[in-house]
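The values are calculated or read from the model by the stated rules, or taken from the named source; none is laboratory data. Please read these numbers as outputs of a predicted model, since none were measured by experiment. Counting neighbours? That spans all protein chains shown, and the Cβs are built from the backbone with ideal geometry, glycine included.
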Amino acid sequence: MYAPPIMLQSEGEHYAQREVLIQQYLRDSLDLYYKYEFQALKLKRARDVLTNRKY
């Protein structure tokens, strides 16, 4: 999720490239979310079990 610096020729090109980068970021963010969603749910359940225990 890193984009190297890009030298642009015009404002229109800037906005077009910006839109491409935003779409890449959104896609990559969703990919990561779904990749780790199950693991995050397991950790959340484990935390909830530990915090709700009465000793």
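This table checks each residue for (1) modelled with pLDDT of 85 or more; (2) exposed (fewer than 10 other Cβ atoms within 10 Å of the Cβ); (3) on the phi > 0 side of the Ramachandran plot.
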| residue | (1), (2), (3) |
| --- | --- |
| Ile6 | no, no, no |
| Tyr15 | yes, no, no |
| Leu30 | yes, no, no |
| Tyr33 | yes, no, no |
| Ala40 | yes, no, no |
| Asn52 | no, yes, no |
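Can you say whether Glu19 is over 13 Å from the mean Cα position of the chain (by Cα) and modelled with pLDDT of 90 or more, as far as the supplied structure shows? Let's see the steps before the verdict.
Values: over 13 Å from the mean Cα position of the chain (by Cα): yes; modelled with pLDDT of 90 or more: yes.
Against the criterion (over 13 Å from the mean Cα position of the chain (by Cα) and modelled with pLDDT of 90 or more), Glu19 qualifies.
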